[in-house]
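Data block below; observations after.
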Amino acid sequence: MLFTINRSNDCPFKRSFNKLMNKYKLIDQRQVKRLSNGTDDYSVATEESSSTGDFTTGSSQLLNVCEEDCMVGLRQYVAKEGIQMSEQRLFRFANFHNFDLEKAKDAVDENRDNAFLDLEMHGELRGQFINKMLFPLTGLRTKKHNSQVIYAQPSQNNPEDDNMTTVLQSLCYVMNDFSQTEQQCRDGVAIVANLQGFTHEHFDELEWRQFMLALQGTLVPTKVTSILMVNPPSWFKQDIWKKMRSSMPFQMRRNVHIIYSTDKLGDYLMEDYRAYLPHEVAHGYRSGSEIIEDYIDLKSYEDGQKRAAATLMV
């Protein structure tokens, strides 16, 4: 079910979603256009083709002149426009837009009331994590970019359920969680999508496009450095991937890797990666339920602390 269906018009997530989709003229998902500046080139990177702390600017490395100029310009812009936005969030937008000041300013203005940036661990969102369709693999990193890793298993989704709303919210929640420090923003995130048990019934083209658009930063500004599609069924590349890649920008397509054996994950993830994978992946050492339970408990506590601190400041 598409994200905005069955949502009241005053729902903050529906307003935020429609606003950002309007920017790309994507409200009618059946007319999805490329976000790749019109290029038709593509490169599919497959086997066949060759957590958080207090934000401190400069915590990982000193800003270069271009980056510092961008941050100064953003601070001046939000002060002039009366936009309330933290230093951490300003850096996140600047980094996502490669410190292009004008693009970062436009993004800050468009996202000043973006509900996806202020998600909390409770209610439907908490329940979505329990479903084990999407959750973080805290501590796991990629070899190339040192990116933190998010795990997804689409077959955990019941095709008859109306849960695309919470799937996108859970994705954005983890992206927000993995973008708390300067270094996290620079490193980005990676997705390990386990396609074990995936059937044609699990594929809704419009929903998958919404999910892929979210991975491109249309909802929250987090760079996705790689998408590892593991254990796909034999028909996936021809029936599904062929449809999806045409609507992706070049940079995203080249970061997608279709992996037919879980042993090949070692080509992309850090050396002891199996110690962080859930049992749902072959040779995974950890219980997915325990990973999720620990994450929910920690984030529920941290979100509660943030609310309490915000109340004291009022």
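The values are calculated or read from the model by the stated rules, or taken from the named source; none is laboratory data. Everything numeric in this text was worked out from a predicted model, so none of it was measured. Ideal geometry is used to build each Cβ from the backbone, glycine not excepted, and the neighbour counts take in all protein chains shown.
Just one of the listed residues (T181, T165) is crowded, with 18+ Cβ neighbours inside 10 Å, hydroxyl-bearing (S, T, Y) and modelled with pLDDT under 95, and it is T165. Take V281 and decide whether it is assigned to a loop (DSSP other than H, G, I, E, B) and more than 21 Å from Q169 (Cβ to Cβ). So V281 fits the description; yes. Inspect the stretch 65-82 for any residue being outside the structural domain of V230 (by TED's automatic domain parsing), under 21 Å from the mean Cα position of the chain (by Cα) and either modelled with pLDDT of 95 or more or not basic (K, R) (or both) and give the result as yes or no. No, the stretch 65-82 has no match at all.
Taking the criterion of being of a type outside the set (F, W, Y), in a loop (DSSP other than H, G, I, E, B) and either under 21 Å from G188 (Cα atoms) or within 18 Å of the chain's Cα centre (by Cα) (or both), the residues of the stretch 234-270 that qualify are S247, M248, P249, R254, N255, M270. Is at least one residue of the stretch 119-132 in contact with a Ser or Thr (Cβ under 8 Å, 6 or more places away or on another chain) and farther than 23 Å from R307 by Cα? Scanning the stretch 119-132 turns up at least one residue that is in contact with a Ser or Thr (Cβ under 8 Å, 6 or more places away or on another chain) and farther than 23 Å from R307 by Cα. Scoring P221 on the criteria (1) in contact with a strand residue (DSSP E or B) (Cβ under 7 Å, 6 or more places away or on another chain); (2) over 28 Å from A282 (Cα atoms) leaves a single failure, condition (1). Being under 30 Å from R7 (Cα atoms), of a type outside the set (G, A, S) and not in a helix (DSSP H, G or I) is a property that F211 lacks. Among the residues of the stretch 142-153, is there at least one that is closer than 24 Å to F17 by Cα and in a loop (DSSP other than H, G, I, E, B)? Checking the stretch 142-153: at least one residue is closer than 24 Å to F17 by Cα and in a loop (DSSP other than H, G, I, E, B). Candidates N98, N176: the one that is closer than 30 Å to N64 by Cβ and in the same structural domain as I227 (by TED's automatic domain parsing) is N176.
From the set of residues in the stretch 189-225 that are of a type in the set (G, A, S) and over 9 Å from the mean Cα position of the chain (by Cα), which is surrounded by the fewest Cβ atoms within 10 Å (Cβ to Cβ)? Looking at residues that are of a type in the set (G, A, S) and over 9 Å from the mean Cα position of the chain (by Cα), I get G197.
Inside the stretch 72-96, can you point out the residues that are touching a helix residue (DSSP H, G or I) at 6+ places or on another chain (Cβ under 6 Å) and surrounded by fewer than 20 Cβ atoms within 10 Å (Cβ to Cβ)? Matches in the stretch 72-96: G73, Y77, M85. Number of residues in the stretch 154-182 that are among the small types (G, A, S) and part of a loop (DSSP other than H, G, I, E, B): the value is 1.
Residue count for the stretch 138-166 satisfying the condition of being in contact with a strand residue (DSSP E or B) (Cβ under 7 Å, 6 or more places away or on another chain) and within 24 Å of G304 (Cβ to Cβ): 2.
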